[in-house]
1. Starting from region 5-28, take each residue that is touching a residue at least 12 places away in the same chain (Cβ under 8 Å) and closer than 20 Å to T189 by Cβ and list its partners that are surrounded by fewer than 16 Cβ atoms within 10 Å (Cβ to Cβ) and of a type outside the set (K, R), counting only C-beta distances under 7 angstrom and pairs at least six apart or across chains.
2. For P69, state whether it is at pLDDT below 85 and closer than 18 Å to V43 by Cα.
3. Consider region 161-186. How many of its residues are in a helix (DSSP H, G or I) and surrounded by 14 or more Cβ atoms within 10 Å (Cβ to Cβ)?
4. Of V30, V44, V25, which residue is part of a strand (DSSP E or B) and either over 37 Å from the mean Cα position of the chain (by Cα) or modelled with pLDDT of 80 or more (or both)?
5. All but one of (1) touching a Pro at 6+ places or on another chain (Cβ under 6 Å); (2) more than 30 Å from D110 (Cα to Cα) hold for I20, so report the exception by its number.
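The values are calculated or read from the model by the stated rules, or taken from the named source; none is laboratory data. Everything numeric here is computed off the predicted structure, so don't read it as measured data. We place every Cβ from the backbone using ideal geometry, glycine too, and count neighbours over all the protein chains shown.
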Amino acid sequence: MEFWKTVFDLARRKLVGPPILALAVVAGVVGFLIVPAHYTANVVLLVTGPGNTQPAPGEPLSKAGRTNPLLVDSAGLRTTAATLILSVSTPEVLAQLGAPKDGPNKLVIDDGGSNQALFGSGGPFLSITADSPNERTAKDLVVRAQKRVEDELAAKQKELGAPAILYISLVNVTPPSTPEAQLGGKIQTAGIAAVLTLFAGFAAAYAWTLRQARRRVAAGPSTESWTEAVDAVEPRPVLELTPKPDEAPEPEPEPKKEDAPQVGKAQAVDEDSADTQTFPIVK
């Protein structure tokens with residue numbers, strides 16, 4: 001808790017907080033610029049069976065009993081889609097298409113699981129997604145992968161001896177999309193760079209302040225030195241005492257007036273004293 005109080009105090013200082021914040025912004029901008037943008041393109045294909053099993057005019061009839069082995073069971077189209085995915089997703093084929101294992105280009109071929117719009121549809125779909133630092137390369141990867149899937153399907157049907165009239169075909173559900181820039185990696189790198197710069201800056205400022213405080217403590221063991229060292233690490237708020245309003249002084253008691261002798265009035269004569277007075281004898 002004391003650490004965070006000190007950090008907040010350092011952040012309020014003009015020579016510490018604003019420079020570190022500016023440095024973090026610069027680090028975030030640099031991180032955003034140095035990370036290359038990635039572009040993604042996508043195409044979705046539908047594996048479909050033959051729509052017309054009647055031979056065209058002039059085309060020889062297929063022999064009786066001949067069928068397409070890829071359509072034997074009810075899940076033949078999904079099986080075909082899975083077969084194509086496995087055959088085209090090998091590292092060798094991906095490298096031929098321009099997406100080697102450790103290269104900057106990535107190519108994903110699946111049944112639509114990576115596409116939220118197709119998730120859980122259960123249909124015989126083929127989804128091809130390319131990711132590349134170059135916009136044109138991303139689209140070229142999708143086009144080349146689609147052509148390779150179509151060639152692979154034709155080669156397998158020919159190898160199995162399926163009649164051409166029963167060939168399975170691929171239909172574009174969506175055409176190859178225009179590559180879109182993916183800025184998630186750039187934004188994430190910028191955020192990490194800014195946060196790390198803030199942490200490193202305030203940690204360095206805290207360490208420097210603590211070091212200065214220890215030096216002050218070692219310089220003199222007096223109470224004033226210790227107080228200054230503690231305040232350097234964790235300044236304490238100064239409490240200002242509000243003076244109370246002056247109270248009216250209590251009135252001093254007035255001195256009692258002594259009875260002054262009254263002038264002009266005859267003093268009473270003590271009868272006893274008159275008896276003791278001697279008077280001269282008159283002859």
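1. Every condition considered, the pairs that remain are G28/G191.
2. No; evaluated as a whole, the condition is false for this residue.
3. 4
4. Going through V30, V44, V25 in turn, just one is part of a strand (DSSP E or B) and either over 37 Å from the mean Cα position of the chain (by Cα) or modelled with pLDDT of 80 or more (or both): V44.
5. (1)
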